[in-house]
Structure formats: C-alpha cells, structure tokens
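The values are calculated or read from the model by the stated rules, or taken from the named source; none is laboratory data. Computed from a predicted model, the values in this text were never measured in an experiment. Here the Cβ is made from the backbone with ideal geometry for all residues, glycine too, and neighbour counts use every protein chain on show. Heavy atoms of the whole protein, side chains included, go into the accessibility calculation; ligands, DNA and RNA do not. Shrake-Rupley method; radii C 1.70, N 1.55, O 1.52, S 1.80 Å.
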Amino acid sequence: MRRLVVDTDIGGDIDDVLALSMAIHSPELVIDGVTTVGRGSERRAKIAAQLLRLNGMEHVPVAAGAQRPIAGEWPEWDGPNQYGNELADVPVNSQEDAVDLLIRLAEKEPGTLTIVAIGALTNVAQAIERSPSFRNNVKEIVLMGGAYTFHFVECNIVNDPEAAQIVFESGIPIVAAGLEVCLDLQFDTDEAIRILQNHGTEQAAFLAQLVTRWKAVGVNRPIIMFDAIPFVYLMEKGLVRTEERAVKVETSGTYTRGMTYVFESPFNESWPGVPRINVCQEVQAAKLMELFAERGLLS
C-alpha cells in the first residue's frame, strides 16, 4: 500500500472529487491527508471533508491552503463552483494550514509519503521553502500538470508558474501526467449523473449533486478524468508508460508563461542543470476508465 496526501483544487473541475472518490475506494492506497489549493480553499476543504465523512474517514486530516499564487492573483471566477450552503457546517478537522500538514505528514515516516498534486503547486512549493528537510522527507510527487508534446499553458501549471518552478527544481522525484495523455479519458456527464442518482448510496447522491452543479455553470464538454492518472499510476503502474525528460517551467514570456518546456535535441545533449522528470507518454485509456467507473462512480 502507498501512503499519500492529496493536494487538490477540488470544487473547480469535477474530476478532482471523482478522482478522490476513486482513490478512497482503492485498497492499494492509504490517504493520510488532503490539502486544498485555490481561491476559496476553505470551501474546497469542506467538499473534501464531506466526501471523506460519507466514507467513514473523518479521521483523515483535511487542511485548507493557499488562496493566491506566489505572484499575482487567481481570477475571480476560478472558485469552487460545486460548493453549496448545505456544506457550511461540515467540520474541517485540521487546525494546521495545508503547508504545515504536508510538512508533518512527510516527517512522520520520512521517505514513504507520495504527494498526489492535482491542482496548482502553491502548497507544495511553500512546504519546500518553509521546511529545509521537506524535499528529503517526500518519496515522490505524482502530478497532473503541464503539456509535454505540444505548446499549451495547462491550468495547474499556469495558475502558479513560480510554484511549479520551485517544485520541478526541488530534486524531489516527479512523475507528471500532461494534458496530452488525458484527453481520451472522457465520460458522458449526463450518464455519470444518471449512474450516481440510481446507485442509492449517500455518497453517490452527493457526487450526483456536485456533477449537476458543475454542469450548471455552463461546462459544455464531457467529464475528462485528468486527475485520475496520478492515482492509477500508483495503483496499477502498468497502465501508464513514462519516460524521463528534461523539463523547465517557463515563468515569463508573452505567450509561454506557464508552459512546461521539454529540452530536446538531435545532438543528444545532456542539458546539465535542467530538472529531469518522468513524463507520462501513454495511458491505457479504456482500462483506466473501467477502473474509474468501478471505483469512482459505483463504489
């Protein structure tokens, strides 16, 4: 079993809460904590805390984290669209902020904790800067973020490029799932709502409500399970093929700020000083989506 903490912008795109549901019902994983990032992080934390509560996991600490990036601000519209007033009284059971919780969980058993990062990397970057030992205590970071085969400013990286740069250059082993391997991981939104509404459990009813709210803000596409890949990589590594790449995060440029730049050359340069991370090259999409349907929707 793998010890992990989930650092998430849950409440924005719907895949975060569905991926967390999948992880909760995966016996290969032990969730030691959940931290939230993004505008309205306290409300995001309540969504996560409610999902855990409905699965008898009130003991898992949930901590709200950064509400602004290292530089600038997040846009006003980028808040937790799935939050409802019925969640106002849901307790969030950690007195720590997200950064201190990350540091404490990493110190608990050094070298055994995996961080699954499925939002902006602000909390993780701040933990690296706040605790000199953090980077040595973390086993690895498995994240969804960036684009490695085409030029595009993917959300989780561009939302805080300075934080991403700190994380990529930290020396912590990183596995990254980029946008290009996520786009086939689609599930019809109305079908997901129907399945959840008919499933008959309190958790399913809660998830159906969240998917319905997400759809209501005007999202005109199927559910895309971007954030499932890091969890599936930890559960069934054979479904995800990775290769090492030299990657830098671009923090300036009119068109390139927030891009993950892959250093490639026909002359086999070694690119000294450029961080090397494991980038997902291929995902067995059909098998991954079967696993998601089984554990994320039907559990």
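Between R241 and E109, what FRET efficiency comes out of the Förster formula 1/(1 + (r/R0)^6) with R0 = 30 Å and r the beta carbon distance, rounded to 0.05?
Values: r = 29 Å, r/R0 = 0.97.
FRET efficiency, E109 to R241: 0.55.
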Give, as ranges by residue number, the residues of the stretch 67-102 whose backbone N falls under 12 Å from the point 7 Å along Cα→Cβ of A205.
-> none
Each residue of the stretch 145-153 in turn: what ³J(HN,Hα) in whole Hz from Karplus with 6.51, -1.76, 1.60 and θ = phi - 60°, glycine and Pro shown as x?
-> x, x, 9, 10, 10, 8, 8, 7, 8
Between the modelled labels at N268 and T256 (7 Å from Cα along Cα→Cβ) the distance in nm is 2.6
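Restrict the search to the stretch 225-299; then list the trypsin sites (Lys or Arg not before Pro) that DSSP places in a loop and that have at most 16 other Cβ atoms within 10 Å of their Cβ.
Values: sites: K237, R241, R245, K248, R257, R276, K287, R295; in loops: R257.
Here the trypsin sites (Lys or Arg not before Pro) that fit, given the DSSP loop and packing criteria, are R257.
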What spacing in nm lies between the two simple spin-label points modelled at E58 and L183, each 7 Å away from Cα in the Cβ direction?
-> 4.5
Using only protein heavy atoms and a 1.4 Å probe, report how much of E294 is accessible, in Å² to the nearest 10.
-> 110
The chain - charge dipole about Cα centre, Lys and Arg +1 at Cβ, Asp and Glu -1, debye rounded to 20 | 240
Just name one of L51, W214, S265: the one whose Cα is farthest towards the positive end of the charge dipole of the chain (beta-carbon charges, Lys/Arg +1, Asp/Glu -1).
-> L51
Give me the accessible area per residue for the stretch 51-123, probe 1.4 Å, as a whole number in Å².
-> 46
Hits among lysines - C-alpha to C-alpha of K46 under 18 Å, sequence gap 8 or more where chains match = none
Once the in-chain neighbours fewer than 8 apart are removed, the lysines whose Cα is under 18 Å from K108 read K139
Residue range of the chain that is longest and free of chymotrypsin sites (Phe, Trp or Tyr not before Pro) which are both DSSP loop and sparsely packed (at most 12 other C-beta within 10 Å) | 151-254
³J(HN,Hα) across the stretch 66-74 via Karplus (A = 6.51, B = -1.76, C = 1.60, θ = phi - 60°), whole Hz, x for Gly/Pro?
-> 4, 10, 8, x, 4, 10, x, 9, 7
Cα coordinate range in the stretch 118-275, projected on the principal axes (Å, largest first) | 55, 36, 35
So what's the gap between the Cα centers of the stretch 105-171 and the stretch 271-299, to the nearest angstrom?
-> 17
In the chain, if every C-alpha pair distance is counted and binned at 10 Å from zero, what percent goes to each bin?
-> 7, 30, 38, 21, 4, 0
